[in-house]
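Note sheet for the following structure.
A short reminder: the numbers here are calculations on the coordinates, not readings from a lab. On a predicted model such as this, the values are computed, not experimentally measured, just so you know. Cβ sites come from the backbone with ideal geometry, for glycine too, and all protein chains shown count toward neighbours.
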Amino acid sequence: MRPAHLRPGCVTRRVLVLGGTADGRLLAERLAELPDVRVTYSLAGRVTAPALPQAAGAARIRAGGFGGVDGLVDYLRSARITAVIDGTHPFAAVMTGTAVAGCRAAGVPLLVMRRPGWTESAGDRWHRVPSLDAAARALDGLGERVFLTTGRSSAAVFAGLDRHWFLLRSVEAPGPVLPARSEILLERGPFTVEGETALMRRYQVDVVVTKDSGGTLTAAKLSAARALGLPVVMVDRPPLPAGAATVPDSGAALRWLDAQCDGAGGPPDPPGTQDPPGTPGSADPLAWPGR
Ligand code: NAP
């Protein structure tokens, strides 16, 4: 259950949510509703029109990398962040590693919010592989026409496979290095089982390649593949860094944040304290309207 506010006596929380996912965005929306929380929602800044928290009137948005561990430490200190919740994608392993190291160095509590991965059901024909390179190798013998849903930055990994044809689906156009025979489909989820089934039939897909992203937004392709009897090459998640506290959803993240009120919050802001400027490249560096 979501707390209506953090426990009485808790100083104002300055929470940094590392986002770029629907889960991170929804968490930022929920946090922005709490009267005693100031939330900054952080994006890598790679997508032209990113989905932003709906309660944008209360959430501050920043975009662009921090500049590695040292940059993140500087940011946490200058913005006086009291807690970080990593709501990045399960495959954004560099950012998560930076968050673990940076928060440790700055003495700021960190929580990693990771939705559970997908699990196989009866009728599924999954081939689990440890990496995108392994996914490319696994395609041999699974069919010629490939539905590739691993994101625009991974298309180059499949560029050497001349005997396959690829339907590449991504939110934004992939880079210039592409498989010789391919078609690009620019679409953002959520997708429906009916839509995915029709798409796979229309393009006569033989095999689906996906990362184990988990969640419901993009899971319809798995149901469609099952219904059509198609194999799925499933790329396993990178491991989480050791020692990272992890929860599966925003409800658990809010409870964790509430528990942080037991002393990790630091002193209350002195009267007249100004919010620090945002990181260069921020979409809206000083926006915390309504606060
Ligand atoms: P990554 O490899 O882990 O991160 C690369 C660099 O991008 C990081 O070192 C950091 O730059 C910057 N960065 C990443 N996420 C950031 C954030 N939320 N706020 C500020 N800087 C961030 O990440 P990625 O796999 O390229 O993914 C980039 C973004 O897309 C992530 O935010 C992720 O949530 C989202 N996303 C990724 C996937 C995927 O499949 N990987 C899928 C959907 C959404 P500095 O080193 O300069 O700090």
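Observations on the structure shown:
- Cα gyration tensor of the stretch 126-235 - equivalent ellipsoid semi-axes, whole Å, descending: 19, 15, 14
- Each peptide in 205-218, 108-121 gets a packing score, the mean of other Cβ atoms within 10 Å over its residues, and the list from highest to lowest is 205-218, 108-121.
- Note on E183 and R237: the extension gain reaches 16.8 nm, defined as 0.36 nm multiplied by sequence separation minus the Cα-Cα distance.
- Here the stretch 62-117 is treated with +1 on each Lys and Arg Cβ and -1 on each Asp and Glu Cβ, and its dipole about the Cα centre works out to around 160 debye.
- Restricting attention to the stretch 126-235, close to 0% of DSSP beta bridges with both partner residues there are antiparallel.
- Going from the residue with the fewest nearby Cβ atoms within 10 Å to the one with the most, S223, S153 rank S153, S223.
- In this structure, D249 and E144 have a Cβ-Cβ separation that, at R0 = 35 Å, corresponds to a calculated FRET efficiency of about 0.35.
- The stretch 101-242 - charge dipole about Cα centre, Lys and Arg +1 at Cβ, Asp and Glu -1, debye rounded to 20: 260 debye
- Exposure proxy ranking for I85, I184, based on other Cβ atoms within 10 angstrom of each Cβ and starting from the fewest, stands as I184, I85.
- Between the residues A138, H127, A58, the greatest Cα displacement towards the positive end of the dipole of the stretch 10-150, with unit charges on the Cβ of Lys, Arg, Asp and Glu, is found for A58.
- Note on D23, D86: ascending count of other Cβ atoms within 10 Å places them as D23, D86, the fewest first.
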